[in-house]
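Student: This structure is in structure tokens; I'll ask about it shortly.
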């Protein structure tokens with residue numbers, strides 16, 4: 001049984017179909033990439049899965065149970081969490097305190113939450129920044145903090161929304177390494193990303209959206225050669241020889 005199943009998912013805004021009849025699944029331990037042009041429906045799908053939006057039609061199953069339409073808090077308690085394109089940190093709190101906030105979902109003892117947050121900072125390479133205010137972090141470390149905060153709620157499924165965007169080449173490779181470490185720790189990942197080097201090297205499979213519909217699904221080496229995907233999103237530089 002897949003960890004996550006999205007079946008015939010549809011969502012409209014004022015008559016505009018942002019997501020139309022989308023169906024895909026994600027297996028335990030998998031990194032599934034979700035790509036497509038701006039406005040293709042990627043973030044809407046994230047919002048539907050994590051409870052920020054209610055589907056108009058379709059089902060979202062997590063471990064075989066329907067979660068579509070449940071609130072973000074309930075979905076987070078079930079083991080699904082996400083990052084956001086724009087940082088949602090508490091700017092006047094330290095890096096450590098930001099990570100501790102999510103830990104209280106599962107543990108009420110500050111000592112235990114602090115210890116867990118410290119371990120997450122070590123895992124994500126942020127330990128040297130633990131006492132720095134979130135508003136003073138670099139772009140790269142702000143992205144890491146988003147990941148660290150998401151990990152603090154002890155997820156089974158992590159949704160990453162453009163955590164590599166805007167990073168320099170060194171930071172990009174470091175972010176790729178962190179994401180691989182997360183998967184190796186047993187957490188499954190659904191990732192939206194425009195940095196093709198990252199998405200192609202990380203993903204076991206890729207789902208491609210355009211105008212709210214899926215136009216292709218498959219392994220990266222297949223997707224990169226798909227003519228419809230090249231025309232809609234990748235561009236001529238990916239045209240196979």
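Student: Just want to confirm a number: the relative contact order over segment 1-113, from Cα pairs under 8 angstrom separated by 6+ residues, in percent.
Tutor: In percent, rounded to a whole number, it is 23.
Student: While we're here: Subtracting the Cα-Cα distance from 0.36 nm times the residue separation, let me have the gained length for residue 17 to residue 168 in nm, one decimal. Write down the numbers at each step before the final one.
Tutor: Numbers: separation 151, 0.36 × 151 = 54.36 nm, distance 3.49 nm.
So the chain would gain 50.9 nm between residue 17 and residue 168.
Student: Under the rule a/c < 1.5 gives rounded, and otherwise a/b versus b/c splits prolate from oblate, where does segment 111-164 land using the Cα gyration tensor? Intermediate results must be reported in sequence, preceding the final value.
Tutor: Values: a/c = 2.14, a/b = 1.03, b/c = 2.09.
Note, shape of segment 111-164 comes out oblate.
Student: Follow-up question, since we're still on this one. Using a 10 angstrom cutoff on alpha carbons, build the Gaussian network for the chain and name the most mobile of 193, 231, 30.
Tutor: Highest fluctuation among the options: 231.
Student: Something else: What full-extension length gain, to one decimal in nm, is calculated for residue 227 and residue 94 as 0.36 nm per residue of separation minus the Cα-Cα distance?
Tutor: Extra length available between residue 227 and residue 94 comes to 43.1 nm.
Student: Length gain on complete extension for the stretch residue 52 to residue 66, per 0.36 nm per residue less the alpha carbon to alpha carbon distance?
Tutor: 3.5 nm
Student: If you don't mind, there's one more thing I want to ask. For each of 233, 211, count neighbouring Cβ atoms within 10 Å of the residue's Cβ, then give the residues from fewest to most.
Tutor: Working: 233 22, 211 15.
By the 10 Å Cβ count, ascending, the order reads 211, 233.
Student: Let me ask another. Spin-label point model (7 Å from Cα, Cβ direction): what's the residue 219 to residue 78 distance in nm?
Tutor: 3.2 nm
Student: With each label point set 7 Å from Cα along the Cα-Cβ vector, what nm distance links residue 156 and residue 104?
Tutor: If labels sit at residue 156 and residue 104, their model points lie 2.6 nm apart.
Student: Moving to a separate point now. Once a ≥ b ≥ c are taken as the square roots of the eigenvalues of the Cα gyration tensor of segment 143-241, is the result rounded (a/c under 1.5), prolate (a/b larger than b/c) or oblate (a/b not larger than b/c)?
Tutor: Prolate, since a/c reaches 1.5 and a/b exceeds b/c.
Student: Here's something else I'd like to know. For the peptides 77-88, 176-187, what is the packing order when you average, over each peptide's residues, the other Cβ atoms within 10 Å and list the highest mean first? Show your work: numbers first, answer last.
Tutor: Numbers: 77-88: 17.8, 176-187: 15.2.
The most tightly packed comes first, giving 77-88, 176-187.
Student: Assuming a ≥ b ≥ c are the square roots of the Cα gyration tensor eigenvalues, decide whether segment 32-89 counts as rounded (a/c under 1.5), prolate (otherwise, with a/b larger than b/c) or oblate.
Tutor: Judged from the Cα gyration tensor, segment 32-89 comes out oblate (a/c at least 1.5, b/c at or above a/b).
Each reported figure results from applying straightforward, stated rules to the coordinates on display, with no laboratory input. Bear in mind the structure is a predicted one, so any value in this text is a computation, not a measurement. Note that each Cβ is placed from the backbone with ideal geometry, even for glycine, and that neighbours are counted across all protein chains shown.
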